[in-house]
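Take a look at the structure set out below.
The values are calculated or read from the model by the stated rules, or taken from the named source; none is laboratory data. Being a predicted model, the structure only gives us computed values, none of them experimental. Counting neighbours? That spans all protein chains shown, and the Cβs are built from the backbone with ideal geometry, glycine included. Please note that ligands, DNA and RNA were not included when accessible areas were found on the heavy atoms of the full protein model with its side chains. Shrake-Rupley method; radii C 1.70, N 1.55, O 1.52, S 1.80 Å.
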Amino acid sequence: MNKKSTRYASNKHEKRTAKNLGADVQTSSGSSAFLKGDVISRKCLVECKTAMTEKKSFSIKKEWLEKIDEQCFEMGKQYPILAFDFGDGENYYILNEKMMKKFVEYLDQQE
């Protein structure tokens, strides 16, 4: 696979995200009516977006968030997550409010 292609960068990002989250890469994501998202775990569906070259900013489209919400519901998952990187190999995550509340509750219980 061409290392300069969008698909190469996306595959690399999806594999890294799955490994870091202890989840699985969704086989043929986006090419099936039933297999949605890029990375899946028992309760989460993750959509991955990556920059081809290192950038200082990254625009998040509302349609991405709406799409992952819809796909999460269709797949029977509870938590939609958008993972992105600035092309530097470090992931950042966008969570909806429901997921953020769960995360804060979890952190509060750890103290």
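Values as computed for the structure displayed
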quantity	calculated
Lone unmet requirement of (1) outside any helix (DSSP H, G or I); (2) exposed (fewer than 13 other Cβ atoms within 10 Å of the Cβ); (3) of a type outside the set (K, R) for E105	(1)
Qualifying residue in the stretch 65-88 (condition: open to solvent by 70 Å² or more (accessible area, probe 1.4 Å), part of a helix (DSSP H, G or I) and in contact with a Pro (Cβ under 8 Å, 6 or more places away or on another chain))	yes
Test: A51 is touching a Ser or Thr at 6+ places or on another chain (Cβ under 9 Å), surrounded by 13 or more Cβ atoms within 10 Å (Cβ to Cβ) and small (G, A, S)	no
Filter result for S59 (among the polar types (S, T, N, Q) and within 24 Å of K4 (Cα to Cα))	yes
Which listed residue is more than 14 Å from the chain's Cα centre (by Cα) and open to solvent by less than 40 Å² (accessible area, probe 1.4 Å), from S5, S10, S57	S5
Check on R42, loosely packed, with under 11 Cβ neighbours inside 10 Å and basic (K, R)	yes
